[in-house]
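A short write-up of the structure that comes next.
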Amino acid sequence: MTHSTTAPVASVPMPAPYDRGAAVTWFWHSFLPDWVARAHDAEFGGFADFLDVNGQVPEGAPKTILAQARLLFTFAHLALSSDNHAYREAAQIAHDSLAQFRKPSGLYRRALGAKGEQLTDAGDVQARSYDQTFVIFGLSTWAKLTGCANASTEIETLWQAVEAHLIDPATNMLIDHDGVTDPAHADAPNPAQNPHMHMYEAALQAYEMGQGDVWLERAKRMRAKGLEYFFDTETGTIAEFIKPDLSPLDGKDGQWREVGHQCEWAWLLQREVDLGGDPAMAEIAARLMSFADGNGFCDQGVLKGAAFDAVACDTSWTENTFLLWPQTEAIKAQAMRSQSPDDLYATRAKALCDVIFQRYFDGRAAYINQVDPDGNPIWDEALSRLLYHLVLGFTEGARFNLWPAP
């Protein structure tokens, strides 16, 4: 993590004075091509995991499967949403980088060195359940874009590997990584909602991308498991972690609720309904958004309308910092509820779009990851994996006619 109060301007600056439509158009047609040119590793393949405060690739930084898989989805999704062939080419770059991460088990290791060399640290060798979700997510979108039968085979092979190595047979929950031998041991990683949510998302995507009805059933099973262990029915919130014995965490950790995940779960639950899933999920989505609407957004200052990083489930405290990704998830959740481009929810989504461009992009070499209540940078790296959040948030807004499409 680096810290800076100033940053160089992007090589293709955002139009001034600020205009929302012009900013989104700049993102599609100027920022993204410029980012691809800077982040692409033409020698060793794939994309850099992040750009530094100067908008440059740091020398020697490892590459992660998470970044490559998310970027595969990002650019394949854009290629399906537009007629811009450059997006397909960028998706091809990400796709071609995946194979070198694959382990003999069929799972994908967390990281490789900058030149594609295998790393020996246990954390880099491990296959995390969280990362596998995005490989499925990206490959299913790539298969839809290209009609590639091999991609469909790879998706199913990976799902079988997940079931063989990353499912706890005692609970049918995802375990953290393939190095865990006893998920119930007190020293095992705390079970997390996030892999369950994203595997739910990946299965819904595979179903929507034409991989077969079995994926909707898989999505339902993963959603049911996530809600069974992480949905707090008393407060209408999603817990982030629980103990290996499946009991709540103590203190602040047990109270911690991320506003972005409230919105993301709500959007996914409604997406399931829209795809022909269980209509009862709409009620849970509404409960999640009721908590977020009442407690999760800043009501003053330069970050007015922005989603806080976290709040307590009993609303006794607020984490008064602002990561970039929750703003995009809030856009999706607000746009999902809008009935017209000028209603309350559309207005909130457009305000969030303004916050993103004015606080995280404007005057920067790329974008920054987190700001304080005054809009000052806390974390100023441009993480490549965040393009998944940005692009999906902006394409959802465009789908509801809130700003220009790609």
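Which far-off residues, 5 or more places away or on another chain, put their amide H under 5 Å from the one on Thr237, with H placed in the peptide plane?
Amide H neighbours of Thr237, under 5 Å, 5+ apart: Asp232.
Restricting everything to alpha-carbon atoms, can you work out Rg to Rh for segment 88-158 with a Kirkwood hydrodynamic radius? Write down the numbers at each step before the final one.
On the way: Rg = 12.4 Å, Rh = 12.7 Å.
Answer for segment 88-158: 0.97.
At a temperature of 37 °C and a viscosity of 0.692 mPa s, determine how fast segment 60-185 diffuses translationally according to Stokes-Einstein, using the Kirkwood radius over alpha-carbon pairs as Rh; express D in µm²/s, rounded to the nearest whole number.
Roughly 218 µm²/s, to the nearest whole number.
So if I restrict to the alpha-carbon atoms in segment 313-386, what is the Rg, and what is Dmax, the biggest pairwise distance, in Å?
Answer for segment 313-386, Rg first and Dmax second: 13.6, 39 Å.
Please tell me the relative contact order of the chain in percent, rounded to the nearest whole number, where contacts are Cα pairs under 8 Å and at least six residues apart.
Across the chain, relative contact order equals 18 percent.
With the alpha-carbon atoms as the only input, what is the per residue convex hull volume for segment 8-101 in Å³?
103 Å³
Beyond 19 Å, how much of the Cα-Cα pair distribution for segment 179-276 remains, as a whole percent? Intermediate results must be reported in sequence, preceding the final value.
Working: 2141 of 4753 pairs.
Of all Cα-Cα distances in segment 179-276, 45 percent exceed 19 Å.
For segment 226-308, what percent of Cα pairs sit more than 19 Å apart?
Summing the P(r) tail past 19 Å for segment 226-308 gives 43 percent.
How would you order 237-246, 160-169, 261-270 from highest to lowest mean count of nearby Cβ atoms within 10 Å?
Packing proxy ranking, top to bottom: 261-270, 237-246, 160-169.
Taking the Cα atoms of the chain, report the difference between the largest and smallest coordinate on each principal axis, in whole Å and largest first.
The Cα atoms of the chain stretch 57, 52, 40 Å along the principal axes, largest first.
In the chain, what percent of the accessible surface is made up of carbon and sulfur (1.4 Å probe, ligands and nucleic acids excluded)? Can you show the working numbers first?
Details: 7810 of 15940 Å².
The value for the chain is 49 percent carbon and sulfur by accessible area.
Per residue, how many Å² of accessible area does segment 274-406 show with a 1.4 Å probe?
Per-residue value: 35 Å².
Which percent of Cα-Cα pairs in segment 114-260 sits in each 10 Å bin, short to long?
Whole-percent P(r) values from 0 Å outward: 11, 37, 33, 17, 2.
Compare the peptides 33-42, 108-117, 376-385 by average per-residue count of other Cβ atoms within 10 angstrom and give them in order, highest first.
Ranking, from highest mean packing down: 376-385, 108-117, 33-42.
I'd like to verify something in the chain: which complete DSSP H helices, judged by Cα projection on the helix axis, reach 15 Å or more and average at least -1.0 on the Kyte-Doolittle scale?
65-81, 85-97, 129-146, 149-165, 193-208, 214-230, 259-274, 281-295, 325-337, 344-355, 386-399
With N residues in segment 280-329, what two-decimal value do you get for its Cα radius of gyration over 2.2 N^0.38 Å?
1.19
Would you kindly work out the equivalent ellipsoid of segment 251-406 from its C-alpha gyration tensor and give its semi-axes, the square roots of five times the eigenvalues, largest first in whole Å?
Sorted largest first and rounded, they come to 23, 20, 14 Å.
Can you quote the Å³ per residue value for the convex hull of the Cα atoms in segment 28-67, rounded to an integer?
81 Å³
The values are calculated or read from the model by the stated rules, or taken from the named source; none is laboratory data. Here the structure is a predicted model, which is why all the values come from computation and not from measurement. Quick reminder, even Gly has a Cβ in these numbers, built from the backbone with ideal geometry, and neighbours come from all protein chains shown. Side chains included, ligands, DNA and RNA excluded: accessible areas come from the protein's heavy atoms. Shrake-Rupley method; radii C 1.70, N 1.55, O 1.52, S 1.80 Å.
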